[in-house]
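No value in this document is a laboratory result; all are computed from the given coordinates. Quantities reported herein were computed from a predicted structural model and do not represent experimental measurements. Please note: Cβ atoms are built from the backbone with ideal geometry, for glycine as well, and neighbour counts cover all protein chains shown.
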Amino acid sequence: MGCLEGKVAIITGAARGQGAAAARLFVAEGARVVIGDVLDDLGKELAESLGAAAIYRHLDVSSEDDWKAVVDEAVETLGGVDVLVNNAGILRFAALPDMPLEDYMRIVNVNQVGTFLGMRAVAKPMMAAGKGSIVNISSVEGLAGMPYLTAYTSTKFAIRGMSKVAALELGPNGIRVNSVHPGMIETDMVKDAAGGHDIDLSPAAKRIPLRRMGTSEDIAEVVLFLASDRSAYVTGAELAADGGATATHAFYMV
Ligand code: NAD
């Protein structure tokens, strides 16, 4: 029996990358999964490939209306929401003096407000059920700063912080909330942020203890652990899955 047998999960930003890997693993472990994203064609394609256990819904995480529609549907037709993975995120590189407010706010609205809206949308149904697990995808940029990522870093620190507040408030209702801090993961996120150009990140990856970039599947396993009852006594925790990148500081020389 899979470790998510009988559970209903909503995963945001799940049309591709780490969210898609989590959706595949969750279905393999017995969950019914709502794949939410703004990339409708890719999302539908993934849901179809996963069969009856997965559905795709357009879910712009910065939209209150979209959250209401998806959570209402999950409660009414799937029987509730056991797991929420707030995975959707965007990244932009810009030097601090050159970052337009509009770009800054766009990143805040998706990464930070999106995570808040997601937790708020599922809190009441999970409280009514007396159980639930929320997994918020932060980043190593939620643990330490990175040049040219003012907006992204601020949102990822915010996610780490609000996960702890939610863990404190919702714990008495049987709801666990944890944050995951992936390191450098092989997805299209960095390429998109670089205007579609491939960026060779291997030199940076060679400097970390495990000497490689992470895969979406590496992160999906961590998310699965936190989503499932195997982590029944884990809440308010931050779990780095970064090949050891944040185990040191800038003085370390390879
Ligand atoms: P990705 O770009 O492949 O996936 C992000 C997904 O979020 C995409 O499918 C995108 O369409 C979706 N998305 C963007 N805006 C959205 C919105 N408004 N509403 C709903 N969905 C939206 O990148 P990924 O690496 O799979 O990223 C997943 C998460 O992991 C993100 O939160 C990211 O910040 C985080 N992360 C990534 C890395 C990395 O190196 N790739 C490292 C640390 C953390």
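Restricting to segment 91-125, what's the tally of residues that are aliphatic (A, V, I, L, M), touching a helix residue (DSSP H, G or I) at 6+ places or on another chain (Cβ under 7 Å) and either in a helix (DSSP H, G or I) or closer than 17 Å to Asp66 by Cβ (or both)? Break it down stepwise before answering.
Here is the first cut: in segment 91-125, the ones aliphatic (A, V, I, L, M) are 91, 94-96, 99, 101, 105, 107-108, 110, 113, 117, 119, 121-123.
Next, from what is left, pick out any that are touching a helix residue (DSSP H, G or I) at 6+ places or on another chain (Cβ under 7 Å): 91, 94, 96, 99, 107-108, 117, 119, 121-123.
When the remaining residues are screened for being either in a helix (DSSP H, G or I) or closer than 17 Å to Asp66 by Cβ (or both), the result is 96, 107-108, 117, 119, 121-123.
Counting residues in segment 91-125 that are aliphatic (A, V, I, L, M), touching a helix residue (DSSP H, G or I) at 6+ places or on another chain (Cβ under 7 Å) and either in a helix (DSSP H, G or I) or closer than 17 Å to Asp66 by Cβ (or both) gives 8.
Name the residues in segment 25-49 that are within 15 Å of Val83 (Cβ to Cβ), surrounded by fewer than 24 Cβ atoms within 10 Å (Cβ to Cβ) and either within 14 Å of the ligand (Cβ to nearest atom) or not β-branched (Val, Ile, Thr) (or both), would you?
Initially, segment 25-49 is screened for residues within 15 Å of Val83 (Cβ to Cβ), giving 25-36.
Next, only the ones that are surrounded by fewer than 24 Cβ atoms within 10 Å (Cβ to Cβ) stay: 25, 27-30, 32.
Of everything in segment 25-49, those that are within 15 Å of Val83 (Cβ to Cβ), surrounded by fewer than 24 Cβ atoms within 10 Å (Cβ to Cβ) and either within 14 Å of the ligand (Cβ to nearest atom) or not β-branched (Val, Ile, Thr) (or both) turn out to be Leu25, Ala28, Glu29, Gly30, Arg32.
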Handout entry: Residue check, Ala151 part of a helix (DSSP H, G or I), more than 10 Å from the ligand (Cβ to nearest atom), of a type outside the set (Lys, Arg) and farther than 19 Å from Gly13 by Cα
Key = no
Exercise for the section: Kindly indicate whether any position in segment 176-185 is in contact (Cβ under 8 Å) with a residue 40 or more places away in the chain, touching a helix residue (DSSP H, G or I) at 6+ places or on another chain (Cβ under 6 Å) and away from the ligand (no atom under 15 Å from the Cβ). Expected result: yes
Exercise for the section: Check segment 194-212 and report whether any residue there is buried (at least 19 other Cβ atoms within 10 Å of the Cβ), at negative phi, of a type outside the set (Asp, Glu) and touching a residue at least 12 places away in the same chain (Cβ under 8 Å). Expected result: yes
Completion exercise
When every residue in segment 1-24 that is among the aliphatic types (A, V, I, L, M) and not in a helix (DSSP H, G or I) is compared, the one nearest to the ligand (Cβ to nearest atom) is Ala15
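Within the group Val27, Val71, which residue is of a type outside the set (Gly, Ala, Ser), free of Cβ contacts under 8 Å to residues at least 40 places away in the same chain and either touching a Pro at 6+ places or on another chain (Cβ under 8 Å) or part of a helix (DSSP H, G or I) (or both)?
Values: Val71 fails: free of Cβ contacts under 8 Å to residues at least 40 places away in the same chain.
Exactly one of Val27, Val71 is of a type outside the set (Gly, Ala, Ser), free of Cβ contacts under 8 Å to residues at least 40 places away in the same chain and either touching a Pro at 6+ places or on another chain (Cβ under 8 Å) or part of a helix (DSSP H, G or I) (or both), namely Val27.
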Exercise for the section: Select, from Arg92, Arg120, the only residue that is farther than 23 Å from Glu29 by Cβ and surrounded by fewer than 16 Cβ atoms within 10 Å (Cβ to Cβ). Expected result: Arg120
